[in-house]
Amino acid sequence: MTKRLAISAFVLFHLIAITCWAIPLNTRLFSSVNNKIAAYMSFSGLSQDWALFAPDPGHINCRLEAEITYGDGSTLVWKFPLPQDFGYSYFKERDRKWSNDSVRLDENAVLWPDTARYIARHNNDRTSPPLSVKLVRYWSEIFPPGTRESDPWHQYVFFTYAVVPEDLR
């Protein structure tokens, strides 16, 4: 009985949380609930926003890459997931959202060292281990249709990490 009650409470909480989070109403009730559950929704990966839609859709196209430099002087460009790489599968969408909506932003600089270590570990070459990982941000401004030609891609190395041997374990 207790197990069933706990499962029911878990499901009910998530139904209410997702409903309050997903409905774009600025009422006092929804704002109050959203303020209380914001950290949980972000941590659990359940957060959603309406940035794709009017009245203020996103105005930049962006992507991230990492440039890995190895002990022998060679380099490798590692790309964070992009939607065109998914095909009809959305299993990597969470990774793309994490990189675009979290790692890319300056206010989340605390994520950069761990991100660089993860990339170094997954691209480790035992004969010539990674020495450094540079995180590179690419962006291009999106203009309203018919107003201007497309903006060229800009790039910026926003973090450089010196890999130590302990990072590769």
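Going residue by residue through segment 83-98, is there one that turns out to be under 28 Å from Arg169 (Cβ atoms), of a type in the set (A, V, I, L, M, F, W, C), surrounded by 11 or more Cβ atoms within 10 Å (Cβ to Cβ) and touching an Asp or Glu at 6+ places or on another chain (Cβ under 7 Å)?
Checked against the condition, which is being under 28 Å from Arg169 (Cβ atoms), of a type in the set (A, V, I, L, M, F, W, C), surrounded by 11 or more Cβ atoms within 10 Å (Cβ to Cβ) and touching an Asp or Glu at 6+ places or on another chain (Cβ under 7 Å), segment 83-98 yields no hits at all.
For Phe80, are the conditions met, namely being at pLDDT below 90, in contact with a strand residue (DSSP E or B) (Cβ under 8 Å, 6 or more places away or on another chain) and closer than 30 Å to Ser150 by Cα?
Numbers: at pLDDT below 90: yes; in contact with a strand residue (DSSP E or B) (Cβ under 8 Å, 6 or more places away or on another chain): yes; closer than 30 Å to Ser150 by Cα: yes.
Here the answer is yes, as Phe80 does meet what is asked.
The values are calculated or read from the model by the stated rules, or taken from the named source; none is laboratory data. The model shown is predicted, which means the values in this text are computed figures rather than measured ones. FYI the Cβ positions are ideal-geometry reconstructions off the backbone, even for glycines, and counts take in every protein chain you see.
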